[in-house]
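The values are calculated or read from the model by the stated rules, or taken from the named source; none is laboratory data. Only a predicted model underlies this, so the values are computations on that prediction, with no experimental measurement involved. For neighbour counting, all protein chains shown are included, and Cβ atoms are generated from backbone atoms with ideal geometry for every residue, glycine included. The area values use the complete protein model at the heavy-atom level, side chains included, leaving out ligands, DNA and RNA. Shrake-Rupley method; radii C 1.70, N 1.55, O 1.52, S 1.80 Å.
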Amino acid sequence: MAMARRSASHLLSSFRPFSLLLQPLADAPSPAAAAAAASARRAMSSASALRARGDDKELARWRESMDRMRNIGISAHIDSGKTTLTERVLYYTGRIHEIHEVRGRDGVGAKMDSMDLEREKGITIQSAATYCTWNGYQINIIDTPGHVDFTVEVERALRVLDGAILVLCSVGGVQSQSITVDRQMKRYEIPRVAFINKLDRMGADPWKVLNQARAKLRHQSAAVQVPIGLEEEFEGLVDLVELKALKFEGGSGQEVVTSDVPSNMQDFVMDKRRELIEVVSEVDDQLAEAFLNDEPITANELKAAIRRATVARKFIPVYMGSAFKNKGVQPLLNGVLDYLPCPLEVENIALDQNKSEEKVSLSGTPAGPLVALAFKLEEGRFGQLTYLRIYEGVIRKGDFIQNVNTGKKIKVPRLVRMHSNEMEDIQEAHAGQIVAVFGVDCSSGDTFTDGSVKYTMTSMHVAEPVMSLAVNPISKDSGGQFSKALNRFQREDPTFRVGLDPESGQTIISGMGELHLDIYVERIRREYKVDAKVGKPRVNFRESITQRAEFDYLHKKQSGGQGQYGRVCGYIEPLPSDAEGKFEFDNMIIGQAIPSNFIPAIEKGFKEACNSGSLIGHPVENIRITLTDGASHQVDSSELAFKLAAIYAFRQCYTAAKPVILEPVMKVELKFPTEFQGTVTGDINKRKGIIVGNDQEGDDTVVVCHVPLNNMFGYSTALRSMTQSAAAMFCYRSIDILLHAWVIPAICEEIRTCISWRLRASINIQSLITMGNITSYTRN
């Protein structure tokens, strides 16, 4: 028994970094030591397997490598300084040797904004991966877009990361996309630290932002730093854990000078430190016990408590600084190492396809079978570039890997590590790393293994498109390149959809917003040299009749040879509301006035006539045609003659049936902050909408309304402008078919007709099923 304890003790100590072993045992455990012990427990089974093979050196090598690795993402509202912060991180860690600004004012641009469009517009469009080294730790970073139109880039980045930095603007505070990004982090259970940026700007107030984070984001958070001055007087920071003042000197703030806390800030700093200890004590029992007993709390004890609470997602430490002014970035990097988890501290769940998708907890060690997730695809110079997050095992150049989703076995021809748009060839990568491979044909969300297991990782959340455009190439000769571009963008971006409207023949592209689609149209022009014409999708109106009308038409034509003769008599009338179809043809002829072999031709003629009404040329629906009499000729009657007779008969009586135009009306559900209620409802009224429901959900208002589809084009963009991108428009489906109600604009007070129609709408929301006194509909 004693020997077993000694073995376990030896195993745990072997997992510690060498520097930790030199510390006295009586000292309070540092956060890194606590992390190492926690990681050791999670990896015990794989470690035992390696030790059983006598592979102690290999065990120590990968264990130290995993302990000294962080996978983080940087996310925020647009224009909060994410890319600027990443640029400074790369500079201070030695990955780049010169700082360049966003928008490429100096002709170079930020390293992570590699696309020309990103540098021109000054926004991040695609997430970009890189890696750097800080204090002996490897940090894999993914810089994500801040605009709501590119939210899928944030989704797939957070799906594969172990931690994140939530950047907040000290002037703008918690903004709409800050709330969205925080919700995404909660969905994927991502531990995070917050960074309040832009303290040098006029109006900067970090304490207001901290209170907003607690109120709007429901964060259990506290500052671990306080600024020395604000706005133009912003000089540095005070570390509340170590109780040291930090100032950033040198041409680019690369020299961090440590000094004592300024005397005029002593009381304020001690109050904020006590507040930090109180907030952390609420979620950490060990610190709470020391705090309640009035015991002095050392820096190491406070660090360890903050780390435990952060990794457990119970607390969010808040850092401060100004990335643009090169202040506060190095302490933030230290915070990433101190408080965010290594890959072994994060639980990853796979689904075993051989056991009815039974959940399997992955050990996260290179000793296990290979399990990797393809989370992003990109068309590179050498073919498709597939980004992989390795959750378990090792992948090597030349290895054969199996796509669990398709069953295909693929050889890895080239393995690279990404630095924005630059690539570094590597021979192997182990669990916890983010790499890319060339020449692997797959889809986003596919899982790869070495073939010994059949595990799949859970997929990421993909939002439904909210806006559509009709797009066609100007030149007919460029159709091939145009199709190639659309196919590539569909593979890269799950929120970008392409379809063909069967009625209008238009190519319809759908996405997350106007900017999202504009970027793709511009990329088609730049990357594929195809000029495209973009416009509003055609709204497919309908026509119908409102009363019965008789027809009696004789089609007679003689021009030498066999002539044409056919007479049809009968009436047309609107279908009742409970009818199963939209077109009915009844043959009520008694006797052989028209031979039975000509009846199908007559029905075909009426159907063809209904394809285009005389009002606006759209299809006619909800109509019953009854044939009561007719006449034929022994020689001149034919199927063509009776078909033409039916077409002309329909046109003859259509006007007498008082036709009307039917318009699609959509059912829209909106959720937005209550402060914007007046603006949103006023806009709905301008669009001829009718509000049918109004409810309150916490701080938000939920409105249900009926709006004509023709007035909904571009509404998602307008709604974001009215609500500062804080509104959500919900999507509804019924068996994957969009149901549309068609109403008569000329008769607003009474709905006479209600039909359903499968249609690619300009906005992906469920249509109104019932209106007025109509309670039934037809489902295709």
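Filter region 243-269 down to residues that are among the aliphatic types (A, V, I, L, M) and in contact (Cβ under 8 Å) with a residue 40 or more places away in the chain and give me whichever is surrounded by the fewest Cβ atoms within 10 Å (Cβ to Cβ).
Filtering region 243-269 for residues that are among the aliphatic types (A, V, I, L, M) and in contact (Cβ under 8 Å) with a residue 40 or more places away in the chain, the one surrounded by the fewest Cβ atoms within 10 Å (Cβ to Cβ) comes out as Leu243.
To keep it simple, each residue is scored yes or no on (1) within 19 Å of the chain's Cα centre (by Cα); (2) modelled with pLDDT under 85.
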| residue | (1), (2) |
| --- | --- |
| Gly104 | no, yes |
| Met115 | no, yes |
| Glu120 | no, yes |
| Ala129 | yes, no |
| Cys132 | no, no |
| His147 | yes, yes |
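Considering each residue of region 654-697, count those that are in a helix (DSSP H, G or I), closer than 15 Å to Ser544 by Cβ and open to solvent by 80 Å² or more (accessible area, probe 1.4 Å), and give that number.
Taking region 654-697 first, the residues in a helix (DSSP H, G or I) are 654-657, 674-686.
Still in the running and closer than 15 Å to Ser544 by Cβ: 654-657.
Those still in the list that are open to solvent by 80 Å² or more (accessible area, probe 1.4 Å) too: 655.
Total satisfying the criteria: 1.
Among the candidates Phe489, Phe448, which residue alone is touching a residue at least 24 places away in the same chain (Cβ under 8 Å) and within 20 Å of Ile123 (Cα to Cα)?
Going through Phe489, Phe448 in turn, just one is touching a residue at least 24 places away in the same chain (Cβ under 8 Å) and within 20 Å of Ile123 (Cα to Cα): Phe489.
Just a yes or no: is a residue in region 673-685 more than 30 Å from Ala215 (Cβ to Cβ) and at pLDDT 85 or above?
Checked against the condition, which is being more than 30 Å from Ala215 (Cβ to Cβ) and at pLDDT 85 or above, region 673-685 yields at least one hit.
Could you tell me whether Asp586 is closer than 30 Å to Tyr715 by Cβ and charged (D, E, K, R)? Full working, then the answer.
Working: closer than 30 Å to Tyr715 by Cβ: no; charged (D, E, K, R): yes.
So Asp586 does not fit the description; no.
Working only within region 130-162, note down all residues that are polar (S, T, N, Q) and closer than 24 Å to Val102 by Cα.
Thr130, Thr133, Asn140, Thr144, Thr151
Considering Val171, Val181, Val167, which residue is open to solvent by 20 Å² or more (accessible area, probe 1.4 Å) and either within 26 Å of Asp205 (Cβ to Cβ) or part of a helix (DSSP H, G or I) (or both)?
One residue alone meets the criteria, Val171.
Asn326 versus (1) free of Cβ contacts under 8 Å to residues at least 40 places away in the same chain; (2) polar (S, T, N, Q); (3) touching a Phe, Trp or Tyr at 6+ places or on another chain (Cβ under 7 Å): which is the lone unmet condition?
Result: Asn326 fails condition (1) only.
In a loop (DSSP other than H, G, I, E, B) and either of a type in the set (A, V, I, L, M, F, W, C) or touching a residue at least 60 places away in the same chain (Cβ under 8 Å) (or both) - does that describe any residue in region 637-653?
Looking for residues that are in a loop (DSSP other than H, G, I, E, B) and either of a type in the set (A, V, I, L, M, F, W, C) or touching a residue at least 60 places away in the same chain (Cβ under 8 Å) (or both), one finds at least one in region 637-653, hence yes.
Report every pair of residues separated by at least 6 positions or lying on different chains whose Cβ atoms are under 8 Å apart, first residue within region 676-692 and at positive phi, second open to solvent by 30 Å² or more (accessible area, probe 1.4 Å).
Lys688/Asn711
Looking only at region 189-201, decide whether some residue is more than 20 Å from Lys325 (Cα to Cα), outside any loop (DSSP other than H, G, I, E, B) and open to solvent by 40 Å² or more (accessible area, probe 1.4 Å).
There is no residue in region 189-201 that is more than 20 Å from Lys325 (Cα to Cα), outside any loop (DSSP other than H, G, I, E, B) and open to solvent by 40 Å² or more (accessible area, probe 1.4 Å).
I need the full set of residues from region 614-630 which are open to solvent by less than 20 Å² (accessible area, probe 1.4 Å), within 19 Å of Asp552 (Cβ to Cβ) and in contact (Cβ under 8 Å) with a residue 60 or more places away in the chain, in order please.
Selection gives Ile623, Gly630.
Of all the residues that make up region 215-233, how many are open to solvent by less than 10 Å² (accessible area, probe 1.4 Å) and not β-branched (Val, Ile, Thr)?
Taking region 215-233 and keeping what is open to solvent by less than 10 Å² (accessible area, probe 1.4 Å), we get 217, 221-226.
If we keep only those that are not β-branched (Val, Ile, Thr) as well, we get 217, 221-223, 225.
Summing the residues that are open to solvent by less than 10 Å² (accessible area, probe 1.4 Å) and not β-branched (Val, Ile, Thr) in region 215-233 gives 5.
Within region 339-360, how many residues are open to solvent by less than 40 Å² (accessible area, probe 1.4 Å) and over 12 Å from Pro191 (Cβ atoms)?
Number satisfying all stated conditions: 7.
Looking at (1) crowded, with 16+ Cβ neighbours inside 10 Å; (2) free of Cβ contacts under 8 Å to residues at least 24 places away in the same chain, which is the one condition that is false for Leu240?
The one condition Leu240 does not meet is (2).
Can you find, within region 609-629, the residue that is farthest from Arg567 (Cα to Cα) among those that are touching a helix residue (DSSP H, G or I) at 6+ places or on another chain (Cβ under 8 Å) and outside any loop (DSSP other than H, G, I, E, B)?
The qualifying residue farthest from Arg567 (Cα to Cα) is Val620.
Go through (1) of a type in the set (S, T, N, Q); (2) at pLDDT below 90; (3) crowded, with 19+ Cβ neighbours inside 10 Å for Asn421 and report which single condition fails.
It fails just one condition, (3).
If you scan region 314-338, which residues turn out to be open to solvent by 10 Å² or more (accessible area, probe 1.4 Å), touching a strand residue (DSSP E or B) at 6+ places or on another chain (Cβ under 9 Å) and not in a helix (DSSP H, G or I)?
Hits for region 314-338 are Ile316, Tyr319, Phe324, Lys325, Asn326, Lys327.
Can you tell me which residues in region 291-306 are in a helix (DSSP H, G or I) and either over 30 Å from Glu235 (Cα atoms) or acidic (Asp, Glu) (or both)? Explain how you work it out, then say what you get.
First, pick out the residues of region 291-306 that are in a helix (DSSP H, G or I): 291-292, 299-306.
Selection gives Phe291, Leu292, Glu301.
Looking only at region 466-483, count every residue that is closer than 10 Å to Ile524 by Cβ and either in the same structural domain as Glu669 (by the TED database) or at pLDDT 85 or above (or both) and tell me the total.
Final tally of qualifying residues: 4.
Check Ala367, Ala436, Ala431 and return the single one that is modelled with pLDDT under 85, crowded, with 17+ Cβ neighbours inside 10 Å and small (Gly, Ala, Ser).
Result of the check over Ala367, Ala436, Ala431: Ala367.
For region 270-290, does any single residue satisfy the condition of being open to solvent by 20 Å² or more (accessible area, probe 1.4 Å), free of Cβ contacts under 8 Å to residues at least 24 places away in the same chain, β-branched (Val, Ile, Thr) and in a loop (DSSP other than H, G, I, E, B)?
No - not one qualifying residue is present in region 270-290.
I want to confirm something. Restricting to region 439-455 and keeping residues that are under 23 Å from the mean Cα position of the chain (by Cα) and modelled with pLDDT under 90, which single residue is most open to solvent (accessible area, probe 1.4 Å)? Show your work before the answer.
To start, the set of residues in region 439-455 that are under 23 Å from the mean Cα position of the chain (by Cα) comprises 441-448.
Applying the additional criterion that residues be modelled with pLDDT under 90 yields 441-446.
Details: Asp441: 98, Cys442: 7, Ser443: 61, Ser444: 34, Gly445: 17, Asp446: 15 Å².
Of everything passing the filter in region 439-455, Asp441 is most open to solvent (accessible area, probe 1.4 Å).
Any residue at all in region 495-503 that is assigned to a strand (DSSP E or B) and within 14 Å of the chain's Cα centre (by Cα)?
Step one: of region 495-503, the residues assigned to a strand (DSSP E or B) are 497-500.
Remaining after also requiring within 14 Å of the chain's Cα centre (by Cα): 497.
Looking for residues that are assigned to a strand (DSSP E or B) and within 14 Å of the chain's Cα centre (by Cα), one finds at least one in region 495-503, hence yes.
Within region 58-75, track down each residue that is in contact with a strand residue (DSSP E or B) (Cβ under 6 Å, 6 or more places away or on another chain) and either surrounded by fewer than 20 Cβ atoms within 10 Å (Cβ to Cβ) or at positive phi (or both).
Arg68
Restricting attention to region 275-321, and to residues there that are among the polar types (S, T, N, Q) and over 22 Å from Leu161 (Cβ atoms), which single residue is nearest to the chain's Cα centre (by Cα)?
Per the stated criteria, the residue is Ser281.
With respect to the numbered conditions (1) without any contact (Cβ under 8 Å) to a residue 24 or more places away in the chain; (2) open to solvent by 30 Å² or more (accessible area, probe 1.4 Å); (3) not in a loop (DSSP other than H, G, I, E, B), which one is the sole condition not fulfilled by Gly479?
(2)
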